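I have placed the structure first, in the form of structure tokens, so that the comments after it can refer back to it.
The values are calculated or read from the model by the stated rules, or taken from the named source; none is laboratory data. Remember, it's a predicted structure, so these values are computed and weren't measured experimentally. Please note: Cβ atoms are built from the backbone with ideal geometry, for glycine as well, and neighbour counts cover all protein chains shown. We work out accessible area using only protein heavy atoms, side chains counted, and drop any ligands, DNA or RNA first. Shrake-Rupley method; radii C 1.70, N 1.55, O 1.52, S 1.80 Å.
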Amino acid sequence: RPSQTGIDTSDSASGLPPLVMDPSNPQTLYFGTTRVYQTVNGAQSWTPISPALSGNGLESIAVAPSDANTVYAGNELGVFVSRHALSGTGATWTSGGTGLPSVAITQIAIHPQDPLTAYVSLSGYGTAHVFTTADGGTTWVSASNGLPDIPISDIVIDPDQTTTLYVGTDIGVFRSLDSGASWAPLGVGLPRVVVSAIRLHEPTRT
């Protein structure tokens with residue numbers, strides 16, 4: 001059934017607008033146009049909880065698994081963070097982008113236990129493609145050593161071994177065992193194809 005009551009359909013949006021569920025509450029979801037929209041009733045109604053953060057639409061939204069109040073949103077202008085997103089229209093956002101290049105952010109992954117630690121993956125060429133923050137998005141440093149200069153579409157943090165990261169690139173999957181300090185291709189047998197999404201099935205370690 002249609003579930004967009006409250007979303008201004010005249011807002012600009014990216015080609016694939018982000019839609020994410022709060023991992024601690026399936027009734028709370030976030031949707032991104034130029035603004036961040038929130039529903040707390042399972043998409044029966046939506047409310048904008050941010051001003052326009054960009055002119056072209058957000059590319060990624062993530063909710064901290066350990067703190068439902070912490071939400072990150074990203075686009076080519078950088079990353080925006082709210083530490084009290086559950087305040088709804090009272091939520092405020094800080095712009096954090098120091099150290100990030102001006103290219104599209106494709107995905108945000110937040111540490112399972114620390115809402116101030118997060119990673120972003122980037123598209124484009126001629127830049128590093130994974131960056132990390134330890135201060136809630138205020139400053140970012142590259143975590144790309146060993147990755148080729150190709151777009152990355154997705155990044156996943158292993159919830160059981162949080163120094164282990166996986167990324168989906170335009171030529172397959174890479175893994176880091178040291179929080180992004182070094183990377184290597186994961187396994188053998190996967191063709192050099194675009195990997196647009198990765199999921200880690202925790203119960204079976206798949």
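Quick rundown of the values:
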read-out: Fully extended contour minus Cα-Cα distance, from T206 to I171, at 0.36 nm per residue; value: 10.6 nm
read-out: Calculated P(r) of the stretch 122-161 - Cα pairs past 16 Å, %; value: 44 percent
read-out: Accessible area per residue in Å² at 1.4 Å probe, computed on the chain; value: 46 Å²
read-out: Rounded if a/c under 1.5, otherwise prolate or oblate - the stretch 37-146, Cα gyration tensor axes; value: prolate
read-out: Inter-site label distance for Y125 and N56 at 7 Å from Cα along Cβ, in nm; value: 1.7 nm
read-out: Computed E for D11/D178 - FRET, C-beta separation, R0 45 angstrom, nearest 0.05; value: 0.65
read-out: Cα-based shape type of the stretch 87-199, given that a ≥ b ≥ c are square roots of the gyration tensor eigenvalues and the cut on a/c is 1.5; value: prolate
read-out: For the stretch 21-32, Karplus couplings with θ = phi - 60° (6.51, -1.76, 1.60), whole Hz, Gly/Pro x; value: 9, 5, x, 9, 7, x, 7, 9, 9, 10, 10, x
read-out: Overall Cα dimensions of the chain - principal axes, largest extent first, Å; value: 46, 37, 33
read-out: Accessible-area composition of the chain, carbon plus sulfur, in percent [1.4 Å probe]; value: 53 percent
read-out: Nearest-0.05 FRET efficiency for D149 and T47, computed from C-beta distance (R0 30 Å); value: 0.15
read-out: The chain, relative contact order [Cα under 8 Å, separation at least 6], %; value: 12 percent
read-out: P(r), alpha carbons of the stretch 134-206 - 10 Å bins starting at zero, rounded %; value: 19, 51, 27, 3
